[in-house]
Amino acid sequence: MKHSRLVLVIACFSIICTLFSGVASALEQDDVMVSVVWSSQMLYQGSSATVRIFFISNYSQELTISYIGLHFDWMESNRFMGHDLSDDPVTVPSYGTHAFDPINILIPEDASIGAHSYFVGIDGLQAGSLNFSWDSPIQTLLINNPDAGVYTELLTKIASNIAEAVNATYQSPAAQSLLRQAENAYAQALSLANEENWEAAISALQNASTYLEQAEAEEKNYVKPQGQPDLLPIIVGAIAIAVATVSIIALLFRRKRKQTTPDTQPAET
């Protein structure tokens, strides 16, 4: 009888040890820090981006990480995008750091435009035996209208094309006029973008692109009228002649004054 009770006590103790060995022990918030770096500062509906998470441990013992991911407010509860490292855990020494592989993030097309919240979630072992789950402070990202992305790409292209056209110094009056229209359309696009009227801004940039193409064609087909002299050499020559003439007149005038001036004063009678 006594032997049976001893076996029962040992069995209960084993069960209790087994249960408590799996109890999660949360780290203090300041024991761990993460830095999230996005591959792009502009995120759009339906676009994708990569995220790198840099892990910093302020804990006095090593940490073994078996899962790391990000949870966004458009996701279901307890769902994450990240790395399952359970087959090959990452061990971070006490007060150590680790840079995790990039995580590919897909922004849903139906995600609302505006600010969204997210946080980093980490599961692992502390001191090699105690389970822990740690969540970072809430962070914010901004989801933009995809038309804003189209506008940004087109804006950079048109700005470069306008600069090239200006540096080309078109001689054709028609090309010069079309270039001015392109610049006006570009300025209009900037104003519309400030109002977040992306469709109209894109349309204005497309008009600017058309004007630039027409201006380039006009300049290629431009033929200077026959018999029309090039005014620049004539103007330069006229200025040179005028300067030379003034210099000669001034020189003759100085000589005449020198000849008519007596060298000595007449003697008194």
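The values are calculated or read from the model by the stated rules, or taken from the named source; none is laboratory data. None of these values were measured; they are calculated from a predicted model. In this analysis, Cβ positions are derived from the backbone assuming ideal geometry, glycine residues included, and neighbour counts consider all displayed protein chains.
Could you look through segment 187-219, keep only residues that are among the acidic types (D, E) and within 16 Å of S160 (Cα to Cα), and pick out the one that is surrounded by the most Cβ atoms within 10 Å (Cβ to Cβ)? Explain how you work it out, then say what you get.
Here is the first cut: in segment 187-219, the residues among the acidic types (D, E) are 195-196, 199, 213, 216, 218-219.
Checking which are within 16 Å of S160 (Cα to Cα) leaves us with 213, 216.
Details: E213: 13, E216: 19.
That would be E216.
Is it true that S86 is over 21 Å from the mean Cα position of the chain (by Cα), of a type in the set (S, T, N, Q) and assigned to a strand (DSSP E or B)? Walk me through it before giving the result.
On the way: over 21 Å from the mean Cα position of the chain (by Cα): yes; of a type in the set (S, T, N, Q): yes; assigned to a strand (DSSP E or B): no.
Judged against the criteria, S86 is not a match.
Residues that are closer than 19 Å to A49 by Cα, free of Cβ contacts under 8 Å to residues at least 12 places away in the same chain and within 19 Å of the chain's Cα centre (by Cα): does segment 142-154 have at least one? Full working, then the answer.
Let us first name the residues in segment 142-154 that are closer than 19 Å to A49 by Cα, namely 142-153.
Still in the running and free of Cβ contacts under 8 Å to residues at least 12 places away in the same chain: 153.
Adding the requirement that they be within 19 Å of the chain's Cα centre (by Cα) leaves 153.
Yes, segment 142-154 has at least one match.
Of a type in the set (A, V, I, L, M), not in a strand (DSSP E or B) and not assigned by TED's automatic domain parsing to the domain that holds E196, is that true of A115?
Details: of a type in the set (A, V, I, L, M): yes; not in a strand (DSSP E or B): no; not assigned by TED's automatic domain parsing to the domain that holds E196: yes.
No: the conditions fail for A115.
Kindly indicate the residue of segment 61-104 that is touching an Asp or Glu at 6+ places or on another chain (Cβ under 7 Å) and over 17 Å from N131 (Cβ atoms) and also surrounded by the most Cβ atoms within 10 Å (Cβ to Cβ) among those meeting that condition.
Taking segment 61-104 as the starting set, the residues that turn out to be touching an Asp or Glu at 6+ places or on another chain (Cβ under 7 Å) are 66-67, 83, 91-94.
Applying the additional criterion that residues be over 17 Å from N131 (Cβ atoms) yields 83, 93-94.
Details: H83: 18, P93: 12, S94: 12.
Looking at the filtered set, the residue picked out is H83.
Mind listing whichever residues of segment 48-60 are in a loop (DSSP other than H, G, I, E, B) and buried (at least 16 other Cβ atoms within 10 Å of the Cβ)?
Narrowing segment 48-60 to residues in a loop (DSSP other than H, G, I, E, B): 58-60.
Answer for segment 48-60, where residues must be in a loop (DSSP other than H, G, I, E, B) and buried (at least 16 other Cβ atoms within 10 Å of the Cβ): just Y59.
Test I68 against the stated conditions and say whether it is within 16 Å of S35 (Cβ to Cβ), touching a residue at least 60 places away in the same chain (Cβ under 8 Å) and in a strand (DSSP E or B).
Details: within 16 Å of S35 (Cβ to Cβ): yes; touching a residue at least 60 places away in the same chain (Cβ under 8 Å): no; in a strand (DSSP E or B): yes.
Spelling it out, it is not the case that I68 is within 16 Å of S35 (Cβ to Cβ), touching a residue at least 60 places away in the same chain (Cβ under 8 Å) and in a strand (DSSP E or B).
Could you list all residues from segment 81-134 that are more than 16 Å from L70 (Cβ to Cβ) and of a type in the set (S, T, Y)?
Within segment 81-134, S86, T91, S94, Y95, T97, S112, S129 meet the criteria.
Give the residues of segment 118-130 that are assigned to a loop (DSSP other than H, G, I, E, B) and either exposed (fewer than 14 other Cβ atoms within 10 Å of the Cβ) or on the phi < 0 side of the Ramachandran plot (or both), sorted by residue number.
Passing the criteria: G128, S129.
Results for (1) closer than 30 Å to S47 by Cβ; (2) surrounded by 12 or more Cβ atoms within 10 Å (Cβ to Cβ); (3) acidic (D, E), shown as yes or no for each residue.
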{"site": "F132", "(1), (2), (3)": "no, yes, no"}
{"site": "L141", "(1), (2), (3)": "yes, yes, no"}
{"site": "P146", "(1), (2), (3)": "yes, yes, no"}
{"site": "P173", "(1), (2), (3)": "no, no, no"}
{"site": "A185", "(1), (2), (3)": "yes, yes, no"}
